[in-house]
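No value in this document is a laboratory result; all are computed from the given coordinates. Not measured: the values here are computed from a predicted model. Cβ atoms come from the backbone with ideal geometry, glycine included; neighbour counts cover every protein chain shown.
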Amino acid sequence: MLMRTDPFRDLDRLAQQLLNQSGTWSRPSAMPMDAYREGDDYVIALDLPGVFPDAIDIDVERNMLTVKAERRPTVKADEVQMELSERPVGVFSRQLMLADTLDTEHVKADYEAGVLTLRIPISERAKPRKIAIGGGGGKQQITG
């Protein structure tokens with residue numbers, strides 16, 4: 001149901017993890033995700049721990065789904081001296097090319113416990129269906 005378009009995206013994500021770089025708006029970090037089919041829905045679960053719901057942006061244009069989020073630093077006071085900072089901050093983004101068989105007009109999004117879950121219904125035309133065979137009852141003549 002998903003089509004990958006950027007083969008180097010995973011290499012960028014790995015390099016960012018190894019170099020401990022934060023994402024920026026011009027070069028966001030990727031967010032980990034799972035994608036699977038559940039009944040008549042296609043489900044995408046993205047890890048966004050520590051991100052407030054108002055800092056998440058979800059767009060669908062044609063079959064391109066884009067999720068962007070920003071995790072801001074929690075400590076903002078000037079008199080605070082940071083001793084250890086391992087939690088990633090910055091901008092995270094994921095772009096997915098969705099198959100034509102998904103109904104992008106009815107995407108549902110839920111955010112709970114740091115996981116953004118998108119449910120995309122599978123369109124009626126993509127669901128399996130039985131095709132009835134019409135009975136003619138008569139003989140068919142083949143000319144050639």
Report the label-to-label distance for Ile133 and Ala77 in nanometres (one decimal), using points 7 Å from each Cα along the Cα→Cβ vector. 7.9
What distance in nm separates the two pseudo spin-label positions at Phe52 and Tyr36, each 7 Å out from Cα along the beta-carbon direction? 3.3
Considering the options Ala109, Gly134, Leu84, tell which one lies farthest towards the positive end of the dipole of segment 44-144, charges being +1 on Lys and Arg and -1 on Asp and Glu at the Cβ, about the Cα centre. Gly134
